[in-house]
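A.B. asks: Handing you this structure, nothing more for now.
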Amino acid sequence: MRRMKFTGVGAYVPERVVTNHDLEKMMDTSDEWIQQRTGIVERRWVEPGLENSDMAAKATLAACQDAGCDVKDIDLIIYATLSPEYLFPGTGVVLEKKLGLTRTPVLDIRNQCSGFLYGLAVANGMIASGMYQRILLVGSELHSRGLNKSTAGRDVTVIFGDGAGATVLEATDEDKGLIDILIHADGRYAEDLTCLLPSARVEGFITPEQVARGEHYPHMAGNKVFKHAIVKMPEAIQEVCKRNHLTPRDLDVLIPHQANLRINEIVGRALEIEPKVFNNIQKYGNTTAASIPLAMRDALDQGFLKPGHLLGLTAFGSGFTWGAALVRM
Ligand code: COA
């Protein structure tokens, strides 16, 4: 079985910075509440005219430049997002068109905050089997246009931000790259973090009455998500380490999904590796499928993550879905 390594990591965030103080002007919230409960100081929101696939394209070009390859050299695009441009087709083909490609296969995946890890697992299987040599995995989210910016939506709206991250993944014979990955899901919690509309359960997929009631906005049982996240992410890291005869202390860096700084602090303490946990949620909020590649790019730029490091990745989110991976950089 062939290994898969990261040869390029790229990121893009919109220029518009939205601080907690900006949100105070839209809804009944405070900078103090948001920072204490989530660690978030600011996030990015798109300006009109910038779409999910535009952010993905910018992150892709940066990742390809980092990898020293051309977009034409990509064998498969995997696109993870929960904020697609159309109900169908998936946003992957919109990205493909913007990249000037006309034959490259595109796979869209809907695994929310675990989307990047799920995409990594799929890419790994395809590279290990010999089906593809070079895969682009992109996570891109445009949350801001779908958030309830009144006080009724404050628990969700203060958390999420827009942005994209992309990685070029290539087959390698070297002793580096993805060591192992595991993914899990438990659909009993599907409605605890969800956006119910538009839906094929509804005539016309959405009604004006539902929109008037605000049912098209995301809904989150925040406490429940929190309680599961702080258990499942450490468990997944323990599990992936154990089956590779490692312990979490062997990790040089852990990049968890960026949903809440308090969650990540608890994960770091549970694994007894708090100083090795990298966070950038303070600047970007929760960018869902984009958060891990965005954090990888920042960690590399800051020298926190270096070639040769043993990197742990973990995520938890809507579904519920979660997972963990080990990577030799
Ligand atoms: N500003 C001010 N007050 C707010 C608020 C906001 N943005 N959002 C909620 N509140 C209020 C609530 O209305 C509640 O008020 P009450 O006590 O008068 O009813 C109070 O703050 C506490 O709410 P609660 O939901 O218990 O807070 P919490 O400590 O659980 O923090 C979250 C809320 C959302 C930050 C937290 O549950 C969380 O981070 N959950 C996980 C979210 C997550 O990871 N989502 C993505 C998954 S990938």
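A.B. asks: So residue 55 passes all but one of these: (1) within 16 Å of the ligand (Cβ to nearest atom); (2) under 22 Å from residue 258 (Cβ atoms); (3) of a type in the set (A, V, I, L, M). Which condition number does it fail?
C.D. replies: That leaves (1) as the condition not met.
A.B. asks: Looking at 76, 95 in this structure, which one is modelled with pLDDT of 95 or more, under 14 Å from residue 169 (Cα atoms) and either aromatic (Phe, Trp, Tyr) or outside the structural domain of residue 318 (by TED's automatic domain parsing) (or both)?
C.D. replies: So the residue among 76, 95 that is modelled with pLDDT of 95 or more, under 14 Å from residue 169 (Cα atoms) and either aromatic (Phe, Trp, Tyr) or outside the structural domain of residue 318 (by TED's automatic domain parsing) (or both) is 76.
A.B. asks: Which of the helices (runs of 4 or more DSSP H) found entirely inside the range 84-196 contain at least 3 residues meeting this: free of Cβ contacts under 8 Å to residues at least 60 places away in the same chain?
C.D. replies: By residue number, 92-98, 115-128.
A.B. asks: Given the conditions (1) more than 17 Å from the chain's Cα centre (by Cα); (2) polar (S, T, N, Q); (3) within 16 Å of the ligand (Cβ to nearest atom), report the number of the one that residue 114 does not fulfil.
C.D. replies: (1)
A.B. asks: Cβ-Cβ under 8 Å, sequence separation 6+ or interchain: first residue in the range 275-287 and away from the ligand (no atom under 15 Å from the Cβ), partner open to solvent by 60 Å² or more (accessible area, probe 1.4 Å) and of a type in the set (A, V, I, L, M, F, W, C). Which pairs?
C.D. replies: Going by the 8 Å Cβ cut-off, the qualifying pairs are 278/304.
A.B. asks: One residue is enough: does the range 121-133 have a residue meeting the conditions farther than 22 Å from residue 183 by Cβ and either more than 18 Å from the chain's Cα centre (by Cα) or at pLDDT 95 or above (or both)?
C.D. replies: Within the range 121-133 (the criterion being farther than 22 Å from residue 183 by Cβ and either more than 18 Å from the chain's Cα centre (by Cα) or at pLDDT 95 or above (or both)), the answer is yes, since at least one residue qualifies.
A.B. asks: Kindly indicate whether residue 254 is more than 16 Å from the ligand (Cβ to nearest atom), open to solvent by less than 10 Å² (accessible area, probe 1.4 Å), not polar (S, T, N, Q) and not in a helix (DSSP H, G or I).
C.D. replies: Considered against the rule, which asks whether it is more than 16 Å from the ligand (Cβ to nearest atom), open to solvent by less than 10 Å² (accessible area, probe 1.4 Å), not polar (S, T, N, Q) and not in a helix (DSSP H, G or I), residue 254 comes out as yes.
The values are calculated or read from the model by the stated rules, or taken from the named source; none is laboratory data. Because the structure is a prediction, the values reported are computed rather than measured. Note that we place each Cβ from the backbone using ideal geometry, even for glycine, and neighbour counts take in every protein chain shown. Accessible surface areas use protein heavy atoms only, side chains included; no ligands, DNA or RNA. Shrake-Rupley method; radii C 1.70, N 1.55, O 1.52, S 1.80 Å.
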